[in-house]
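The values are calculated or read from the model by the stated rules, or taken from the named source; none is laboratory data. On a predicted model such as this, the values are computed, not experimentally measured, just so you know. Note: ideal-geometry Cβ built from the backbone for every residue, glycine included; neighbour counts use all protein chains shown. Keep in mind that these areas ignore ligands, DNA and RNA; they rest on the heavy atoms of the full protein, side chains included. Shrake-Rupley method; radii C 1.70, N 1.55, O 1.52, S 1.80 Å.
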Amino acid sequence: MASTLLRSTVFFFFFTFLLVTDIAYSQSFIGINYGQVADNLPPPSSTAKLLQSTSIEKVRLYGADPAIIKALANTGIGIVIGAANGDIPALASDPNFAKNWVNANVAPFYPASKIILITVGNEVITSNDQNLMNQLVPAIQNLQNALDSMSLGNDIKISTVHSMAVLRQSEPPSSGLFHPDYMSVLKGLLEFNNATGSPFTINPYPYFAYQSDPRPDTLAFCLFEPNAGRIDTNTNIKYMNMFDAQVDAIRSALNSMGFKNVEIVVAETGWPYKGDGDEVGPSLENAKAFNGNLIAHLRSMVGTPLMPGKSVDTYLFALYDEDLKPGPGSERAFGLFKPDLTMAYDVGLSKNGQSTPIPSAPANPSTKAPTSPKPKAGGGESWCVPKGGVSDDQLQANLDYACGGGLDCSAIQPAGACFEPNTLASHAAYAMNLFFQTAGGDPSTCDFSQSATLSSNNPSYNGCNYPGGGRT
């Protein structure tokens, strides 16, 4: 297991290091959770500057701290604010309480502070508090009415956050179904989501899936690392990572209730970098692999099998460690940044192009990048293309890594010049060559775990232009 993790980590950061352009363009689908159960956090103004130095474009707060909301004014960063579970009864029973809540937490700051979503409660439906569950939709509706009365109802959406436990069934993903005990509340909530265009927000954690099934192949599946994949026997779709499988299980459950147009937002997902001795899964190596590979997967815009060609808005957990959180040690070790604003570990979020250096002495000789073959004699331009017989798993990994560093892979997105033929082999070939050319055409960047080769034949076709000019 350790050697597999090392190979994947070195491979990922080797390619990240070689990319010579700015690899961390801002992406609207990357957000982060900003929890405050801590006594050592930096001032909100410092956090705002930190966020502006990254490709993070959205921040989720668990409450509505005015100092943080003010600090994020005029940054362009989207802000999710939250009403606590304890506010739900008053919000549900008193429309004036809802108006006062909006007057206190939204009106003074918007639009300078870009509030985009209000979450009402956290994992209420799976709390087994029947009274709170019954008041959830009325509370949300009263807040919507309050926003509407201020002409903000179309600009700021309202939803609530769910754990994956809302599902009765999630495997295979195509069979995803909500638990029957929650159906009455979910139906009213989804009708609201559908009518207002607000998202269904969920907390999928492959980390917890691995804890319940701690096998090496499950770890690779959860960390987006090379693995055999898992076949959905209903659709014959092969899933290559747990994140896609979890999100698509929610998609299937929504579709089964007739809400195919309700969008999904991932409100939380992450991996702890340390934990107690008896905890399965926490480590710096695993956290780097999960978060780094997740970001690369989102940037590739490949989407999930049931929602291809786009990335679900995803809020990483978390911005900082929260040192006052109760529970096992891992609960206090999810932060991507330290209170002194330095990185806990680098997953490629910095706009300045900072990346983790190539390890100087890999522990396993097989992790060293071999010299790529050169084109046939004769010189001229060269292109980086997949070797014959490369597996779909490897092509998908190549596509994710190539487009995951911030390259413009729009040509292979829907309506792009190279989208057709819409095959994994074609899209991976374009992305691998784009990576190679952007990295200066250095032959050593056309390797992709020995699955690529240089060619003197231009693979461009029918209006799809493959950049050329690589060095021989």
Practice problem: Give me the distance in nm between label points sitting 7 Å out from Cα along the Cα-to-Cβ direction at Ala112 and Gln52, one decimal. | Solution: 1.4
Quiz item: Heavy-atom accessible area of Thr196 with all protein chains present, probe 1.4 Å, nearest 10 Å²?
Solution: 40
Quiz item: What ranking of Val120, Val390 comes out by heavy-atom accessible area, probe 1.4 Å, highest first?
Solution: Val390, Val120
Quiz item: Using the heavy atoms of the protein chains alone and a 1.4 angstrom probe, what is the accessible area of the chain per residue in square angstrom?
Solution: 40
Self-check item: On Cα atoms only, tilt of 130-149 relative to the major axis of the chain in degrees
Solution: 90
Practice problem: State the extension gain, in nm to one decimal, for the chain segment bounded by Asn457 and Glu279, taking 0.36 nm per residue of separation less the distance between their alpha-carbons. | Solution: 58.8 nm
Quiz item: How high is the relative contact order of the chain, in percent, counting Cα pairs under 8 Å that sit 6 or more residues apart?
Solution: 18
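If Phe419, Phe290, Phe97 are ordered by their accessible area, calculated over protein heavy atoms with a 1.4 Å probe, which sequence runs from highest to lowest? Present the calculation step by step, with values, prior to reporting the outcome.
Details: Phe419 40, Phe290 0, Phe97 70 Å².
From most exposed to least exposed: Phe97, Phe419, Phe290.
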Practice problem: Mind checking which of Ala287, Pro204, Trp383 is farthest towards the positive end of the chain's charge dipole, using Cβ charges of +1 (Lys, Arg) and -1 (Asp, Glu) about the Cα centre? | Solution: Trp383
Exercise. Any chance you could run the full-extension gain for Asp94 through Asn145? It's 0.36 nm times the residue separation minus the Cα-Cα distance, nm to one decimal.
Key: 17.2 nm
Quiz item: Which angle from 0 to 90°, rounded to the nearest 10, does the C-alpha axis of helix 284-300 make with the longest principal axis of the chain?
Solution: 90
Self-check item: Candidate lysines - alpha carbon under 29 Å from Lys187, same-chain residues fewer than 8 apart omitted
Solution: Lys58, Lys99, Lys157, Lys260, Lys310
Quiz item: In whole percent, how big is the carbon plus sulfur part of the accessible area of the chain, probe 1.4 Å, protein atoms only?
Solution: 51
Practice problem: Quote the accessible area belonging to Glu420 in square angstrom, nearest 10, computed with a 1.4 Å probe and with ligands, DNA and RNA left uncounted. | Solution: 110
Quiz item: Tell me, what ³J(HN,Hα) does each residue in region 413-427 have, in order and in whole Hz, if you take phi through Karplus 6.51 cos²θ - 1.76 cosθ + 1.60 with θ = phi - 60° and put x for Gly and Pro?
Solution: 8, x, 6, x, 5, 10, 5, 9, x, 7, 10, 4, 4, 5, 5
Quiz item: Debye sum, Cα scatterers, region 229-284, no solvent: what log₁₀ I/I(0) at q = 0.16 1/Å?
Solution: -0.70
Quiz item: Any idea what the relative contact order of region 156-253 is, in percent, if you count C-alpha pairs under 8 Å spaced at least 6 apart?
Solution: 37
Quiz item: Per the chain: cysteines with no other Cys C-beta under 4.7 angstrom?
Solution: Cys222
